[in-house]
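**Student:** Here's a structure for you.
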Amino acid sequence: MDHFLYRNGVLHAEDVSLAEIAAEIGTPAYVYSSATLTRHFRLFDEALGDMPHLVCYAMKAASNQAILKTLAGLGAGMDVVSGGEYARARAAGVAPDRIVFAGVGKTRAEIRAALEGGVRQFNVESEPELQAISEVAVALGTTAPVTLRVNPDVDAKTHAKIATGKSENKFGVPIARAREVYAEAARLPGIAVVGIDVHIGSQLTELAPFEGAFRKVAELTETLRADGHDITRLDLGGGLGIPYRNSNAAPPLPFDYGALIRRTVGHLGCEIEIEPGRLIAGNAGILLARVIYVKEGEGRRFLILDAAMNDLIRPAMYDAWHDIVPVTEPAPGHERSVYDIVGPVCESGDTFARAREMPEVAAGDLVAFRSAGAYGAVMASEYNTRPLVPEVLVKGDHHAVIRARPSFDDIISRDTIPHWL
Ligand SMILES: *Cc1c(COP(=O)(O)O)cnc(C)c1O
């Protein structure tokens, strides 16, 4: 469920008309709903119920500080994957003991910054990283709390680019080697083991792969405890999928995911962390765009929008489907048409949808890409010197620009011409 509904014939974000936002700040633009962000965070928080837990929002999904502040205000922790995300979470006011630092290639500078600023734990992905963290911690006269990310070798049954839990993926330590690496961690002077971490992929549409992974983690918990390690925290990652397409079967609900966690690891008495990103932000955002031209091609009609692959790369990158709807509500019995929906960027990859049937629209009309809140604005670029797409946050009848569209001058002045040129 989200808060983007037609009212008086116009698509709204909560109580604010998307046509008014477009008139005020132009297109393309991302628009987020605070109520949807809040609702989705609470679904996870409630799904874990009375188990001691922390929902750490995977902020790579949508990392604007206004979004982070909204979620942190509800009690969310953050899952960060870079020094930049760490700094951004801190700038948004997130307490350091609620920040989990993940990522397969943390540099010593990133490790040092997080240890100096404070961090809940590092989720460690390899032995060399364990060594590096220990050395940096010792140099700072401290110890680093860590979990080890294990790779359980389960098939997440998702798009190959976002599957992370098979042995051929670059992530984590093979679960079969976990005992060995935990033994090494226990020997290192700068390391304090606090638990186990697992994350098998994104946009999972079934619970079975999670179940397989969580059962392996439960078994490993018992083994490591028998080896003398203090396993008090289980970080179960993120990855629960969202419905991108109304016609498809709905992915599992957070409630059922919570029940699965209770069933598989609830008896271990550990504090549970989860790291949902997409399910919190995905349906909380839309991308607003305007039709520039309707072009008649050879046996096909192109809908040419002012949004492009640089603003929303998911269709080009992951073959993703986004529902694309007119901002003006189609009248009952309206005409429909079939379009190839494209942006103005100079490559054929700049295609959002092929042979898409939708209500007929005309040049100048506004459309909205639904479910664009996660991995949308954060992956945007200025390819073709198209200004970085702005972001707007709505709460009830309030709205505010939370990232302004840069001017051409802003963009161009970032380049420096060497004095010898
Ligand atoms: C990307 C990622 C997540 C979030 O995945 P979603 O599918 O957005 O829920 C969580 N944890 C880690 C380690 C990740 O890399």
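**Student:** Among the residues of segment 70-82, is any within 16 Å of the ligand (Cβ to nearest atom), within 19 Å of the chain's Cα centre (by Cα), surrounded by 23 or more Cβ atoms within 10 Å (Cβ to Cβ) and assigned to a helix (DSSP H, G or I)?
**Tutor:** The answer is yes, given that some residue of segment 70-82 is within 16 Å of the ligand (Cβ to nearest atom), within 19 Å of the chain's Cα centre (by Cα), surrounded by 23 or more Cβ atoms within 10 Å (Cβ to Cβ) and assigned to a helix (DSSP H, G or I).
**Student:** To continue, here is another question. Give the residues of segment 284-317 that are within 16 Å of the ligand (Cβ to nearest atom) and touching a helix residue (DSSP H, G or I) at 6+ places or on another chain (Cβ under 6 Å), sorted by residue number.
**Tutor:** The answer is Ala284, Ile313.
**Student:** Can you tell me which of Gly201, Gly228, Gly165, Gly172 is surrounded by fewer than 15 Cβ atoms within 10 Å (Cβ to Cβ) and out of contact with any Leu (no Cβ under 6 Å at 6 or more places or on another chain)? If you could, list the steps in order and put the result at the bottom.
**Tutor:** Numbers: Gly201 fails: surrounded by fewer than 15 Cβ atoms within 10 Å (Cβ to Cβ); Gly165 fails: surrounded by fewer than 15 Cβ atoms within 10 Å (Cβ to Cβ); Gly172 fails: surrounded by fewer than 15 Cβ atoms within 10 Å (Cβ to Cβ).
After applying the criteria, what remains is Gly228.
**Student:** Further, regarding this structure: Would you list the strands (runs of 3 or more DSSP E) that sit entirely within segment 219-314 and hold 3 or more residues that are outside the structural domain of Arg179 (by TED's automatic domain parsing), in contact with a Phe, Trp or Tyr (Cβ under 9 Å, 6 or more places away or on another chain) and touching a residue at least 24 places away in the same chain (Cβ under 8 Å)?
**Tutor:** On the way: elements: 233-235, 271-274, 285-296, 301-305.
Because the criterion is at least 3 residues that are outside the structural domain of Arg179 (by TED's automatic domain parsing), in contact with a Phe, Trp or Tyr (Cβ under 9 Å, 6 or more places away or on another chain) and touching a residue at least 24 places away in the same chain (Cβ under 8 Å), the strands (runs of 3 or more DSSP E) in segment 219-314 that meet it are 285-296, 301-305.
**Student:** Now for a separate question. Please state which one of Lys170, Lys157, Lys161 is away from the ligand (no atom under 12 Å from the Cβ), farther than 27 Å from Ala226 by Cα, touching a residue at least 24 places away in the same chain (Cβ under 8 Å) and not aromatic (Phe, Trp, Tyr). Break it down into steps so the answer makes sense when it comes.
**Tutor:** Values: Lys170 fails: away from the ligand (no atom under 12 Å from the Cβ); Lys161 fails: away from the ligand (no atom under 12 Å from the Cβ).
Matching residue, one of Lys170, Lys157, Lys161: Lys157.
**Student:** Now for a separate question. Do you know which of the residues in segment 237-249 that are away from the ligand (no atom under 16 Å from the Cβ) and within 19 Å of Gly373 (Cβ to Cβ) is surrounded by the fewest Cβ atoms within 10 Å (Cβ to Cβ)? Reasoning before the result, please.
**Tutor:** Taking segment 237-249 as the starting set, the residues that turn out to be away from the ligand (no atom under 16 Å from the Cβ) are 245-249.
From the residues that got through so far, the ones that are within 19 Å of Gly373 (Cβ to Cβ) too are 245-246, 248.
Details: Arg245: 12, Asn246: 8, Asn248: 10.
By that ranking, first place goes to Asn246.
**Student:** Another question, if that's okay. With the requirement that a residue be more than 17 Å from Gly201 (Cβ to Cβ) and within 16 Å of the ligand (Cβ to nearest atom), what does segment 217-236 give you? Spell out the reasoning first.
**Tutor:** Filtering segment 217-236 for residues more than 17 Å from Gly201 (Cβ to Cβ) gives 218-234.
Hits for segment 217-236 are Arg233, Leu234.
**Student:** Next question, about the same structure. Name every residue in segment 43-65 that is more than 13 Å from the ligand (Cβ to nearest atom), buried (at least 20 other Cβ atoms within 10 Å of the Cβ) and over 18 Å from Pro254 (Cβ atoms), in order of residue number.
**Tutor:** Once the filter is applied, which keeps residues that are more than 13 Å from the ligand (Cβ to nearest atom), buried (at least 20 other Cβ atoms within 10 Å of the Cβ) and over 18 Å from Pro254 (Cβ atoms), segment 43-65 yields only Asn64.
**Student:** Could you list, in sequence order, the residues of segment 382-394 that are farther than 13 Å from Leu18 by Cα and touching a residue at least 40 places away in the same chain (Cβ under 8 Å)?
**Tutor:** We begin by selecting, within segment 382-394, every residue farther than 13 Å from Leu18 by Cα; these are 382-390.
Selection gives Glu382, Tyr383, Asn384, Arg386, Val389, Pro390.
The values are calculated or read from the model by the stated rules, or taken from the named source; none is laboratory data. Being a predicted model, the structure only gives us computed values, none of them experimental. Positions of Cβ are generated from backbone atoms using ideal geometry, with glycine treated the same way; all protein chains shown enter the neighbour counts.
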